[in-house]
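Written out below as structure tokens is the structure these notes cover.
Every number in this text was worked out from the coordinates using simple rules, so none of it is lab data. Note that the structure is predicted; figures quoted are calculated from it, not measured. Using ideal geometry, Cβ is built from the backbone for each residue, glycine included, and neighbour counts are taken over all protein chains shown.
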Amino acid sequence: MPANPPFRADHVGSLLRQPELIAAHTAHLEGRLPAQDLRALETVAIADAIAMQERVGLDAITDGELCRNNWRDRFFERVDGFSSHKVESSFIFTDYSGEQRRGMPVPVVVGKLKRRASLTADDFAFLKSRTTRTAKATIPAPSANHFFSGDASLKGSPYRDRKAFFADVTAIYRDEIADLAQLGCRYLQIDEVPIAVLCDPKNQARVRERGEDPESLIDDYIDAINDMVRDRPPSMTVCVHLCRGNAGHGQASGGYHPVAERLFQRTNVDGFFLEYDTERAGDFAPLRHLPKNKIAVLGIISTKLRELEPIDAVKHRIEEAARYVDLDRLCLSPQCGFASGYNVDRLTVADQERKLAHVVKIANEVWN
């Protein structure tokens, strides 16, 4: 296995909660359980999550994002300048049943942004104190604070345009990364949904309908990632995770072709976690644009379906990807986290452990 991340067998980060912790988190959000009581339960759950990851043989360990409401909203929750009311997302989830629904609503910008509390560094400090393996921090991409309602969310704010807004957003991220570095973080994952969602022509059309150019958005979102990581220490590996929506058929279909060359060659990170569990992610041909100093982590294992993928079928898909990228620059993971929100329960905790053990087993057979 590589000495540095990403590892041959890796994972995106979020993990399922036991039913009693889901109930406790709900009670806290409804004002029926004090924060300190919830935190005590989360502490026990994080210890169990760490032990599970170590037990299955993972080298990258996360806290499962067990203290978060969902993958996206930490920035809104811990940075001043956002409204208390929320507006609907521009984008649509399609469930396996065919039923459609809007994505999570988002606040709008009402004031100058100011970081009030850590976005993830406090969680990372606790995690790092509990494992001797590589502790991995995860954080939503800057684009997540703009994309779902777009430039309309800046109307009436102190920001004259998107670039002025992102200048303050990325400054906050740089402060967060400096804190992580001070705590000894050497593995950071940036969760980037919007760029992957913009691979779908339907979503490009939705962006145009609200008066924005999808090509400019993609460029601005890549620039924002580069700006946020520009001062990271050389010892910190940074990877970007691309996701089209972690429920049903998600928010988009279509391969990486529209963004691959720009994304892989212009984004100043070390690797990419790429959703590849279904046909809606397209083929592996876009990997030909991956520079030789970057790694692709193939998200072939599903976090949505209970069944284990046939080992030979996974190996065949890795071989297909190796037609475009040397095997030494490939790794294996699930396509996304197991729980993008605190109340996700489509698999059991036991199913989750079997899936992660499956990733490790296959990776060991392919690369060892």
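Descriptive notes on the structure:
- Entries of LYS163/LYS202; LYS112/LYS136; LYS304/LYS355 with Cα pairs more than 22 Å apart: LYS163/LYS202; LYS112/LYS136
- When peptides 292-305, 313-326 are sorted by average Cβ neighbour count within 10 Å, with the highest value leading, the order is 292-305, 313-326.
- Convex hull volume per residue for region 232-326, taking Cα atoms only, in Å³: 116 Å³
- Tensor-based shape of the chain (alpha-carbon gyration tensor, a/c under 1.5 rounded, otherwise prolate or oblate): rounded
- Residue-averaged 222 nm ellipticity for the chain, from DSSP H runs of 4+ at -39500 (n - 2.57), nearest 500: -11000 deg cm²/dmol
- Spin-label model, GLU307/PHE126: points 7 Å from Cα along the beta carbon direction are separated by 3.8 nm.
- The calculated FRET efficiency for the pair ARG174 and GLU320, based on their C-beta separation and a Förster distance of 35 Å, comes to about 0.35.
- Net dipole in debye of region 109-209 [+1 Lys, Arg Cβ; -1 Asp, Glu Cβ; about Cα centre; nearest 20]: 100 debye
- Stretchable slack from ASN368 to THR26, in nm (0.36 nm times residue separation minus alpha-carbon distance): 118.7 nm
- Rounded to the nearest 20, the Cβ-based charge dipole of the chain about its Cα centre (Lys and Arg +1, Asp and Glu -1) stands at 440 debye.
- Comparing PHE124, ALA45, VAL12 along the charge dipole axis of the chain, the residue lying farthest to the positive side is PHE124, per the Cβ-charge model.
- Within the chain, percent of DSSP bridges classed antiparallel, to nearest 5: 25 percent
- Under the simplified labelling scheme, the ARG210-LYS155 pair shows an inter-label distance of 1.2 nm, with each label point 7 Å from Cα along Cα→Cβ.
- Extended-chain gain in nm, criterion 0.36 nm per residue less alpha-carbon gap, SER84 and ASN4: 24.7 nm
- The residues packed around ARG266, meaning those with a beta-carbon under 11 Å from its beta-carbon, carry a net charge of -2 if Lys and Arg are +1 and Asp and Glu are -1.
- Model label sites at GLN182 and ALA47, defined 7 Å from Cα along the beta-carbon direction, differ in position by 2.8 nm.
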